[in-house]
1. Just to be sure, is residue 135 over 27 Å from residue 56 (Cα atoms) and out of contact with any strand residue (DSSP E or B) (no Cβ under 8 Å at 6 or more places or on another chain)?
2. Return only the number of the condition from (1) buried (at least 19 other Cβ atoms within 10 Å of the Cβ); (2) over 24 Å from residue 481 (Cβ atoms); (3) touching a helix residue (DSSP H, G or I) at 6+ places or on another chain (Cβ under 6 Å) that residue 322 does not satisfy.
3. Against the condition away from the ligand (no atom under 16 Å from the Cβ), in contact (Cβ under 8 Å) with a residue 12 or more places away in the chain and surrounded by fewer than 19 Cβ atoms within 10 Å (Cβ to Cβ), how does residue 483 come out, does it pass?
4. Among (1) within 11 Å of the ligand (Cβ to nearest atom); (2) free of Cβ contacts under 8 Å to residues at least 40 places away in the same chain; (3) surrounded by 14 or more Cβ atoms within 10 Å (Cβ to Cβ), where does residue 363 come up short?
5. Being closer than 18 Å to residue 382 by Cα, touching a residue at least 60 places away in the same chain (Cβ under 8 Å), more than 14 Å from the ligand (Cβ to nearest atom) and touching a helix residue (DSSP H, G or I) at 6+ places or on another chain (Cβ under 7 Å) is the filter here; which residues of the range 393-448 pass it?
6. Name the single residue, out of those in the range 244-264 being within 16 Å of the ligand (Cβ to nearest atom) and not in a loop (DSSP other than H, G, I, E, B), that is farthest from residue 414 (Cα to Cα).
7. Only one of (1) modelled with pLDDT of 95 or more; (2) away from the ligand (no atom under 16 Å from the Cβ); (3) under 18 Å from the mean Cα position of the chain (by Cα) fails for residue 385. Which number is that?
8. Could you please give the count of residues in the range 265-283 that are more than 12 Å from the ligand (Cβ to nearest atom), closer than 15 Å to residue 350 by Cβ and either assigned to a strand (DSSP E or B) or modelled with pLDDT of 95 or more (or both)?
Ligand code: ADP
């Protein structure tokens with residue numbers, strides 16, 4: 001038999017990618033294309049969903065060409081995507097009624113304030129696991145229903161469809177209008193326990209059920225593609241961070257991954273019961289395979305990690321490329337008593353303080369740019385520690401080790417420091433494209449290309465591991481200083 005492969009489409013915030021994997025989970029080819037970011041007003045961010053679809057088609061063609069195969073050699077295709085980005089399109093013409101509203105967009109602030117005042121945040125958090133924040137898709141959909149002429153009436157008549165980006169792509173590929181539990185868990189509209197739309201919340205938000213996709217598992221055949229992937233089963237969908245959790249094979253409660261990019265996202269597998277956080281974390285669905293019970297996760301989002309390194313490069317000009325921060329940091333023994341808390345637009349998890357602004361604390365005449373570089377790297381590690389402390393407080397299963405991926409994990413000094421401050425081993429996999437890998441794994445499982453989770457687990461390969469080596473007294477002293485520095489960021493803005 002000719003060798004079969006699995007493809008993954010990663011529809012991200014700045015670009016779309018397609019990767020082809022072989023049966024050992026090794027990447028064979030990749031193609032990527034960026035799309036435009038539209039900023040029609042301050043705080044607004046939009047994407048043209050037609051452009052994204054064209055890019056996705058292009059990357060599929062290129063990735064297949066790169067692997068020298070046709071779609072007949074694909075056992076399945078899986079999808080992973082930027083989460084929460086919201087689209088409505090016409091059921092008949094297939095045209096979007098407006099640009100997609102991107103997760104970063106903050107236009108729903110007033111609308112969320114009204115929901116909070118009228119119903120209280122608790123009501124939403126208890127059902128959906130989420131706070132009332134501009135991130136999530138439901139409020140963006142409310143905005144579209146209120147602002148696009150005639151949309152509400154068309155939605156009630158079932159003429160238009162809502163979806164996040166995986167829904168859009170699955171619909172374009174197969175004509176099916178579905179979403180998966182991980183993406184649905186980011187809408188503020190899904191009941192975490194029933195894994196379906198919550199009728200009461202739809203009512204409170206005034207969202208017609210007729211426009212919503214069917215909620216399906218993350219790994220099952222949603223339909224068969226036509227066009228560029230003609231005949232290929234579309235067999236998985238996972239939000240990008242959940243796909244990374246899956247690609248890192250964090251299948252056991254207590255296993256976690258952190259993706260270190262512009263910002264960082266830590267997800268901890270908490271097993272088959274949702275843990276509602278009392279410490280500023282989001283409760284979300286990690287994945288669900290076919291009709292098996294869903295696996296839940298706690299999620300901690302850190303706004304500024306890699307972008308602090310960019311700030312050192314672009315705003316201070318202390319380095320000319322991000323990786324140079326490591327050499328600069330290694331030019332000194334320690335942070336010299338200096339701490340940088342990058343609360344550039346407030347603090348995210350676990351603090352959620354929009355009034356905070358960044359500080360450089362402990363400045364003395366002794367501090368050099370080397371100390372500053374060290375403090376910049378350490379900031380990512382301490383922010384991770386704060387999220388892990390919140391997770392350990394929320395969850396009965398403490399973190400045992402941390403699997404990492406993303407652009408910053410090339411920084412060995414940082415990885416050692418993360419292991420030191422968390423006091424658990426930090427592990428980097430051989431395949432760092434964990435997002436695509438997770439989508440491919442889930443799709444391959446759904447069609448029997450891989451038989452079970454154990455097989456995936458067995459083929460996961462470690463590239464490097466860092467063991468904690470810091471003296472506990474030293475760690476505690478540094479933690480106290482970090483906490484003092486964080487305190488100094490609070491109550492900065494007046495509004
Ligand atoms: P994203 O997916 O969010 O765009 P990436 O995973 O591509 O991010 O990582 C890019 C980020 O990582 C940038 O913010 C950059 O500053 C940071 N980065 C890249 N290499 C290093 C390094 N060696 N040390 C520290 N930071 C790095």
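The values are calculated or read from the model by the stated rules, or taken from the named source; none is laboratory data. Not measured: the values here are computed from a predicted model. With ideal geometry, Cβ positions are generated from the backbone for all residues, glycine too; neighbour counts draw on all protein chains shown.
1. no
2. (1)
3. Criteria not met by residue 483.
4. (1)
5. 398, 399, 402
6. Once the filter is applied, the top-ranked residue is 247.
7. Looking at each condition in turn, residue 385 falls short on (3).
8. Residues that pass the stated criteria total 5.
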